[in-house]
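Quick notes on the structure that follows.
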Amino acid sequence: MVEVLYEANHGIVVNNRPGELVQPAQSGGPALEEAVKDYIKVKYAKPGAVFLGVVHRIDRPVGGAVLLARTSKALVRLNEQLKQRKFRKTYWAIIENRPSGNTAAGELKHYIVRNGKTNKSAAYETFTAVPERLRGEAKEAILRYKLLASGDRYHLLEIELLTGRHHQIRCQLGKIGCPIKGDLKYGAARSNKDGGISLWARRLSFEHPVTHKTITVEAPTPADDTLWAFFERATNSNAE
């Protein structure tokens, strides 16, 4: 069932569950794009094919807000916003270790190199630390983080992406010794039961492609996950 967070003539934002592909792939499995097309077709009784454009993606093990365009004009304009970095993407991450120095906030800057064969990225502290043969592929990666809450074993970070690189959050947090819960690929101690990782696309802000007003959408974390529920309560208490 599609969980709609925002819907208008030109776009729709849905809450994607971990493990669900945004677009169909050769590996198979349910794809969000097809599910949303079916939802629109039924809701608006569309007789023909439904247009839907994927504006951005999240990794398969990640959940949260995904924006899709409902018209070709909106897709072009939203893609341009994405290129110009006008989107504001905020993530929540449950991590195994608190960032060193007991800092409640900070900025991470690395140079990331993607390995297409292993579908994994490596982070380097400086450009000169990147092996010379790989420097042509290295891309600067920057994010800001803030510690929102802590439990007995895990901590919750809020993360703002300033660049969009392959596995950026996962790779950078793994590099500093703070792997995301369940993310075996980047250093987590054990997997999550559902096969996903505890990274959530929490908030998405973008400019409406026609009215140009700022739209901000927040994606609730899974209510049936006790750890996510704990951190939802903790952040609500801190806000009061």
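Here are a few things to note about the model shown:
- Mean-position separation - Cα centroids, region 157-225 and region 79-107, in angstrom: 8
- Neighbour cut-off at most 11 other Cβ (10 Å), DSSP loop, chymotrypsin sites (Phe, Trp or Tyr not before Pro), region 100-137: Phe127
- The overall shape of region 171-240, judged from the alpha-carbon gyration tensor, is prolate: a/c is not under 1.5, and a/b is greater than b/c.
- Of all accessible heavy-atom area on region 103-240, the percent that carbon and sulfur account for (1.4 Å): 48
- Region 105-240, relative contact order [Cα under 8 Å, separation at least 6], %: 15
- Annotation note: trypsin sites (Lys or Arg not before Pro) in region 152-229 located in DSSP loop regions with a Cβ neighbour count of at most 12 within 10 Å are Arg153, Arg190, Lys193, Lys213.
- Accessible surface, region 28-85, averaged per residue in Å² (probe 1.4 Å): 51
- Counting only protein heavy atoms and a probe of 1.4 Å, the accessible surface of region 1-65 is 53% carbon and sulfur.
- The chain: projected area of the alpha-carbon convex hull, averaged over directions, in nm²: 14.8
- Global geometry of region 110-240, whether rounded, prolate or oblate, following the gyration tensor of its Cα atoms and the 1.5 cut on a/c: oblate
- Spin-label pair Glu80/Glu160, simplified geometry with 7 Å Cα→Cβ offset, distance in nm: 2.5
- Accessible area per residue, Å², region 148-198 with all protein chains present, probe 1.4 Å: 42
- The Cα-based radius of gyration and maximum Cα-Cα distance (Dmax) for region 95-170 are 14.0, 43 Å.
The values are calculated or read from the model by the stated rules, or taken from the named source; none is laboratory data. Owing to the predicted nature of the structure, the values given are computational and were not obtained by experimental measurement. Note that we place each Cβ from the backbone using ideal geometry, even for glycine, and neighbour counts take in every protein chain shown. Side chains are part of the model used for accessible areas, which takes the heavy atoms of the whole protein and leaves out ligands, DNA and RNA. Shrake-Rupley method; radii C 1.70, N 1.55, O 1.52, S 1.80 Å.
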